[in-house]
Amino acid sequence: MDAKERTRLRALCEAATPGPWDAIYDEDAGEWTVRTGHADVAVLTWQQALDALGLSPVTMRTAAFIAASRAAIPALLDALDAAERERDEARAE
């Protein structure tokens, strides 16, 4: 992954609703919802995904992945940056 792609992903993360997120099943609506962990705000319901993106319904596994990605992607980008810094420092020695 090049620096341009990491910059694009970081911008998406920074523009997204702050985390942590979680996935819950709304029995009344009969759908999985990705919600912020710090407030009772829906981030994405499966119907919104269908309407906006033409996606298939959000399943439990998909909702859990989306919720986990909110924290995982920034952490992975940070780890990649750190590993590249370590590599560059080792090469410079």
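List of remarks:
- Modelled this way, with points 7 Å down the Cα-to-C-beta line, the labels at Ala90 and Ala64 are 3.4 nm from one another.
- Take each peptide in 85-91, 18-24, 7-13, count the other Cβ atoms within 10 Å of every residue, and average; sorted highest first, the result is 18-24, 7-13, 85-91.
- Potential extension, Ala16-Ala79 segment - 0.36 nm per residue separation minus Cα distance: 20.7 nm
- Surrounding net charge for Cys13, when Lys and Arg each add one and Asp and Glu each subtract one, Cβ distance under 12 Å: +2
Every read-out reported here was derived from the displayed coordinates using simple, explicitly stated rules and does not represent laboratory data. Since the structure is predicted, the reported quantities are computational estimates derived from the model, not experimental observations. For neighbour counting, all protein chains shown are included, and Cβ atoms are generated from backbone atoms with ideal geometry for every residue, glycine included.
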